[in-house]
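The values are calculated or read from the model by the stated rules, or taken from the named source; none is laboratory data. None of these values were measured; they are calculated from a predicted model. Because the Cβ atoms are built from the backbone with ideal geometry, glycine has one as well, and the counts that use them run over all protein chains shown. Ligands, DNA and RNA are stripped out before the accessible areas are found, and what is left, the full protein with its side chains, is counted by its heavy atoms. Shrake-Rupley method; radii C 1.70, N 1.55, O 1.52, S 1.80 Å.
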Amino acid sequence: MPMTKVLNAADISKALNAFQAPGSFDHKKFFQLVGLKGKTHEQVKEVFNILDQDRSGYIEEDELKSVLKGFSAEGRELSDSETKALLAAGDEDHDGKIGIEEFAKMVAQA
């Protein structure tokens, strides 16, 4: 399913443009700009499932690195430091990956 089934294409573009520069990614601001903050739990779950490319039930570090590409093919890859910061922000149980409830909590706290 394309991300535009859940989120507005203009919001996705605006959010990606705001974080084009390497090292500039801020997940809280990104979730707000992309319009994810105001979505229902089911819609957040749909976004999670799109980002969980291998369908493991988790977003692992390699998937986090390309999280912006999950929103649009024009998105850039996150730097290693941005990826690690995003993982640290969402990985509450320290298992090295982000589950759906951890992801939903990150979005809610944005």
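Numbers at a glance
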| quantity | calculated |
| --- | --- |
| Single unsatisfied condition, residue 57 versus (1) small (Gly, Ala, Ser); (2) at pLDDT 95 or above; (3) in contact with a Leu (Cβ under 9 Å, 6 or more places away or on another chain) | (3) |
| Test result for residue 77, open to solvent by 80 Å² or more (accessible area, probe 1.4 Å) and over 23 Å from residue 5 (Cβ atoms) | yes |
| Qualifying residue in segment 88-103 (condition: open to solvent by 40 Å² or more (accessible area, probe 1.4 Å) and of a type in the set (Phe, Trp, Tyr)) | no |
| Of the criteria (1) polar (S, T, N, Q); (2) farther than 21 Å from residue 7 by Cβ; (3) surrounded by 16 or more Cβ atoms within 10 Å (Cβ to Cβ), which one residue 72 fails | (2) |
| Qualifying residue in segment 5-12 (condition: buried (at least 19 other Cβ atoms within 10 Å of the Cβ), within 11 Å of the chain's Cα centre (by Cα), in a loop (DSSP other than H, G, I, E, B) and β-branched (Val, Ile, Thr)) | no |
| Selected residue (only one of 45, 37 is at pLDDT below 95 and under 14 Å from the mean Cα position of the chain (by Cα)) | 37 |
| Hits in segment 25-39 (condition: in a loop (DSSP other than H, G, I, E, B) and either in contact with a helix residue (DSSP H, G or I) (Cβ under 7 Å, 6 or more places away or on another chain) or open to solvent by less than 40 Å² (accessible area, probe 1.4 Å) (or both)) | 25, 34, 35, 36, 37 |
| In segment 15-24, the residues that are part of a loop (DSSP other than H, G, I, E, B) and either under 13 Å from residue 107 (Cα atoms) or without any contact (Cβ under 8 Å) to a residue 24 or more places away in the chain (or both) | 21, 24 |
| Leading residue by the ranking (surrounded by the fewest Cβ atoms within 10 Å (Cβ to Cβ)) among those in segment 40-58 that are in contact with a strand residue (DSSP E or B) (Cβ under 8 Å, 6 or more places away or on another chain) and closer than 9 Å to residue 100 by Cβ | 57 |
